[in-house]
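S.K.: My structure is below; once you've seen it, I'll send some questions.
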Ligand SMILES: [Zn+2]
């Protein structure tokens, strides 16, 4: 086997697609649903083409950062009105998401030509602290504003998908406020971006990250970033801000359909509010269910302890 990072021909070691340290934080999610291969299994998602030197020494600093940032802010669930401010290291966030995307693409035997020597060097060199201009990252808070408890849909706290669908306009045409009737927009087109090479969406419990990798030589990166910044309810991460207040990026529809990226002005946000107000401002049975589910999770964690 040829190591995916250094190219050395040696025995491959198991590399977690998403850091084991992050999986450890959510041991109640012990089943892997591989949607591409339509398989369900009990082992962690892995790829086995990294040498032990790269796996255990060169790239493990990224896993340490990833575990810290996720455990510090995103193991917690948030509500609509919570103000969530985080401190972050932009270069490390870029490295973390690039590594996961690269792992996932290798596991699916996709074309990995974007991950050239420059990117591999960026990932394996902990001393390289200059973020890449041709990588864009956005983040948003995933809050379940729907009346449906999370566990109804499979307790999917950790999810990732290649090529999220960016909508170019709202998914609802208009709301008739007299009757409450919602008119769906059936003609929403997908937003396309010039020179986009690789894109991913990651959900780590209460946060969503969008990773967009552009052609290095593209002249349209700034224009693409402007569209992303103003069209979607996400915070555009960057090297200058050290802290960020993260906006809610989910509505009652795409909280579960997490790879659908709705525009900021999508009326689904409004529909969700109307639904909640019509229920007296809270979803009391959802709350009861969620309380009971917490107890169930404790039982699941006891039954399925993690370990190699
Ligand atoms: Zn190696």
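S.K.: On a 0 to 90 degree scale, rounded to 10, what angle separates helix 284-303 from the longest Cα axis of the chain?
M.R.: For 284-303 against the chain, the angle is about 30 degrees.
S.K.: Which of 232, 78, 289 ends up with the largest GNM mean-square fluctuation for the chain, with Cα atoms connected below 10 Å?
M.R.: Highest fluctuation among the options: 289.
S.K.: Taking other Cβ within 10 Å of each residue's Cβ, how do 214, 265 sort, fewest first?
M.R.: With the fewest neighbours first, 214, 265 line up as 265, 214.
S.K.: Under a crude label model (7 Å from the Cα following the beta-carbon direction), how far is residue 162 from residue 242 in nanometres?
M.R.: Roughly 3.8 nm, to one decimal.
S.K.: Set the Förster radius R0 to 41 Å, insert the Cβ-Cβ distance between residue 215 and residue 148 as r into 1/(1 + (r/R0)^6), and round the FRET efficiency to 0.05.
M.R.: With R0 = 41 Å, the Cβ-Cβ based efficiency is 0.55.
S.K.: Follow-up. Expected output is a single nm value to one decimal: the length gained when fully extending between residue 87 and residue 277, i.e. 0.36 nm times separation in residues minus the C-alpha distance. What is it?
M.R.: 65.0 nm
S.K.: With the crude spin-label approximation of a point 7 Å out along Cα→Cβ, what separation in nm comes out for residue 256 versus residue 227?
M.R.: Computed distance between label sites residue 256 and residue 227 equals 3.0 nm.
S.K.: Still on this model: For n ≥ 4 DSSP H runs only, could you compute -39500 (n - 2.57) per run for the chain, divide by its residues and tell me the 222 nm figure to the nearest 500?
M.R.: -9000 deg cm²/dmol
S.K.: What is the angle, in °, between the Cα long axis of helix 60-73 and the longest principal axis of the Cα atoms in the chain? Nearest 10 is fine, range 0 to 90.
M.R.: Orientation of helix 60-73: about 20 degrees from the principal axis.
S.K.: If one computes the Cα centroid of segment 261-294 and of segment 150-227, what distance in Å separates the two points?
M.R.: Here the answer is 20 Å between Cα centres.
S.K.: Just to verify a number: FRET efficiency for residue 169 and residue 32, C-beta to C-beta distance, R0 = 41 Å, to 0.05? Provide the component values of the computation, followed by the final result.
M.R.: Values: r = 35 Å, r/R0 = 0.86.
With R0 = 41 Å, the Cβ-Cβ based efficiency is 0.70.
S.K.: Taking the Cβ-Cβ separation of residue 183 and residue 287 as r and a Förster radius of 25 Å, what is the calculated FRET efficiency to the nearest 0.05?
M.R.: Result of the calculation: an efficiency of 0.25.
S.K.: Related question: Counting other beta carbons within 10 Å of each Cβ, put 237, 274 in order, fewest first.
M.R.: On the way: 237 20, 274 14.
If I rank by nearby Cβ atoms, fewest first, I get 274, 237.
S.K.: How do 304, 260 line up, fewest other C-beta atoms within 10 Å first?
M.R.: Ordered from fewest to most neighbouring Cβ atoms within 10 Å, 304, 260 come out as 304, 260.
S.K.: Based only on Cα atoms, what mean projected area does the convex hull of the chain have, in nm²?
M.R.: For the chain, averaging the hull's shadow over all directions gives 17.0 nm².
S.K.: On a 0 to 90 degree scale, rounded to 10, what angle separates helix 90-107 from the longest Cα axis of the chain?
M.R.: 80
S.K.: Per residue, what volume in Å³ does the Cα convex hull of segment 131-212 take up?
M.R.: 140
S.K.: Further, regarding this structure: What is the extension gain from residue 270 to residue 113, computed as 0.36 nm multiplied by their sequence separation minus the C-alpha to C-alpha distance, in nm to one decimal? It would help to have the intermediate numbers written out before the result.
M.R.: Numbers: separation 157, 0.36 × 157 = 56.52 nm, distance 4.19 nm.
Taking residue 270 through residue 113 to full extension adds about 52.3 nm, to one decimal.
S.K.: Any idea what the relative contact order of the chain is, in percent, if you count C-alpha pairs under 8 Å spaced at least 6 apart? Present the calculation step by step, with values, prior to reporting the outcome.
M.R.: Values: 480 pairs, mean separation 64.3, N = 308.
Result for the chain is 21 percent.
No value in this document is a laboratory result; all are computed from the given coordinates. Because the structure is predicted, anything quoted here is derived from the model rather than measured. When we count neighbours, we look across all protein chains shown, and the Cβ atoms used for this are built from the backbone with ideal geometry, even at glycine.
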